[in-house]
Amino acid sequence: MMSDPSQLQLAPNGELRHFLTTEGLSKELLESILTKASGFLDSKGDLIAKVPLLRGKSVVNLFFENSTRTRSTFELAATRLSADILNLDIQRSATSKGETLMDTLWNLEAMHADMFVVRHADSGAAHFIAEHVTPNVAIINAGDGRHAHPTQAMLDMLTIQRHKQGIEGKVVAIVGDILHSRVARSQIHALKTLGAAEVRVVGPATLLPKDIEDLGAKAYYDFSLALRDCDVVIMLRLQKERMQNALLPSESEFFRLYGLTSEKLALAKPDAIVMHPGPINRGVEIESAVADGPQSVILKQVGYGIAVRMAVMAMAMSGQRTNQAGPEAPQ
Amino acid sequence: MTLPDIKATCTTLAQQLKQHICDNQIDNPIVVGIHTGGVWVAQHLIDEFELPGPLYSVDISFYRDDFNQKGLNPKVQGSSLPDTIEGRDLILIDDVIMSGRTVRAAINELFDYGRPSSITLACLLDVGQRQLPFQPDACGARLALEANQRIKVKGPSPLSLYLKNSDTES
């Protein structure tokens, strides 16, 4: 049986040492991730210059599932922290030759890697690796199955914090394929912990899991109703393969009911912001006029994603150090 | 040991700094305080001793050299610097100089923003025990501490000094 992930990812002194899920982490810790991420941004919200924080550390991008975008932002984050980064095309190498996951990992550890950034199609993969990895090696979950995508959720929190002056008391709608979305799950946990007034999940019944309200979110099948009084509208990407599994009638039908158009957006608060984890399907879940409109912060999210990943990598590396004495500044 | 009078110490620092600026014909400098104590001291010099503002700040958390021993500073505040410091004269202000490692980190960070024409270092207190070759150009007071003592500045306003006994390394 697997250990409690919220405990596994914390060092004995409460510092983050792996980042596997937003579930079970304290408000204080999530806020500390946001504060540190903000430290990597200047007053205009742009990334600051490269810092020497993780010089001499080796980060390995371990992507068992394709994702050029997420992999690139982790690569940029590691580079800006002055770490050495190795991208492993794991799909085409070790596993296809029959090596087991643990054998692959032990081999990489023998190369003195300090951190693995893991993306895997199976839920719980990052957790499994964190349980079996050698002490002092940090694991960052870059998305596992339908389970969690915590860095994406935290970059969304940073976006809301910076564009809506905080998360507390905000009404947030998450729209689209909730069933298959690891992003939605991580967002709901983070939003609830950080004090959002209401988290609404919106989509057709076939794409809303039955137990979603157990997480503290409110399910809506009617998009117009869900948009009322919203401060933040987060659109999720609709994966085309869902169409083939007969979960949806057609793209055009989905767009008619759950696509975000200017008319629909007018039902939310006038200063509501529109977010999307990307890549966007124009005309499927979002209209171009909205995606490129003044309320959209979609491109801002990308830069914040690098800052959040820098923060999480620095914190996990800090939590892994052998000497756990409290930090005190030198004079 | 008796702590020096804060008012007299600030006055000495301001006088020495003004003298240095005058002697070196520094015109239109950029004042940068090191978080957190250095920012308080710099603000005090601007408010009470007509040091030219606005006040900028550096947070050296991401530039420290003891990450492997002490980890990430839990209180990161971020730096606030002008768009460019290229060719400008900087006045770098800290509360206490001891090992010199903070100053090293701050100067490294400043150079990531450009190549200043000069950097003047002003510290409220110099407690010796240097590990790196940095000496302040202006200093409010010099004092010798016992091995287990640390001196801290409390602020932002009014500024005060207090002694802390610690067995941690410098």
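Just so it is clear, none of the values below were taken in a lab; they were calculated from the coordinates. Since the structure is predicted, the reported quantities are computational estimates derived from the model, not experimental observations. When we count neighbours, we look across all protein chains shown, and the Cβ atoms used for this are built from the backbone with ideal geometry, even at glycine.
The table for this structure:
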item	result
Karplus (6.51, -1.76, 1.60) ³J(HN,Hα), θ = phi - 60°, over the range B:6-13, in Hz, Gly and Pro reported as x	5, 5, 5, 5, 5, 4, 4, 4
Residue mean of other protein chain beta carbons inside 10 Å, A:46-53	5
Virtual spin-label span in nm between B:Arg142 and A:Leu215, 7 Å along Cα→Cβ	6.3
Anisotropy class of chain A from Cα gyration tensor, a/c 1.5 cut	prolate
Mean Cβ count within 10 Å, highest first, over the residues of peptides B:42-48, A:101-107	B:42-48, A:101-107
Expected 222 nm ellipticity per residue - DSSP helices of 4 or more, -39500 (n - 2.57), all of chain A, to 500	-10500 deg cm²/dmol
Förster-model FRET efficiency, 45 Å R0, A:Leu299 and B:Asp5, C-beta, rounded to 0.05	0.25
Crossing angle, helix A:68-80 versus chain A [Cα axis fit, 0-90 degrees, rounded to tens]	50
Label point distance in nm, A:Ser6-A:Ala289, each placed 7 Å from Cα along Cα→Cβ	4.4
Cβ-defined net charge surrounding A:Asn61, 9 Å radius [Lys, Arg +1; Asp, Glu -1]	+1
Table column - 3J(HN,Hα) (Hz), the range A:298-304, Karplus curve with 6.51, -1.76, 1.60, x for Gly and Pro	4, 6, 4, 4, 4, x, 5
Expected 222 nm ellipticity per residue - DSSP helices of 4 or more, -39500 (n - 2.57), all of chain B, to 500	-8500 deg cm²/dmol
Residues with amide H under 5 Å from that of A:Ser296, placed H, sequence gap 5 or more	A:Val274
For residues of B:74-82, the mean tally of beta carbons on other chains within 10 Å	5
Ranking of A:Arg200, A:Arg321 by count of other Cβ atoms within 10 Å, fewest first	A:Arg321, A:Arg200
Helix axis angle, A:182-193 relative to chain A longest principal axis, alpha carbon, degrees	90
Table column - 3J(HN,Hα) (Hz), the range B:41-54, Karplus curve with 6.51, -1.76, 1.60, x for Gly and Pro	5, 4, 4, 5, 5, 5, 5, 9, 10, 6, 5, x, x, x
Principal-axis tilt of helix A:150-163 within chain A, Cα atoms, nearest 10 degrees	60
Residues B:Cys123, B:Cys10, B:Cys22, A:Cys230 arranged by fewest to most Cβ contacts within 10 Å	B:Cys22, B:Cys10, A:Cys230, B:Cys123
Partner chain coverage, peptide B:59-68 - average Cβ within 10 angstrom	6
Cα gyration tensor shape for the range A:150-298, rounded if a/c is under 1.5, else prolate or oblate	oblate
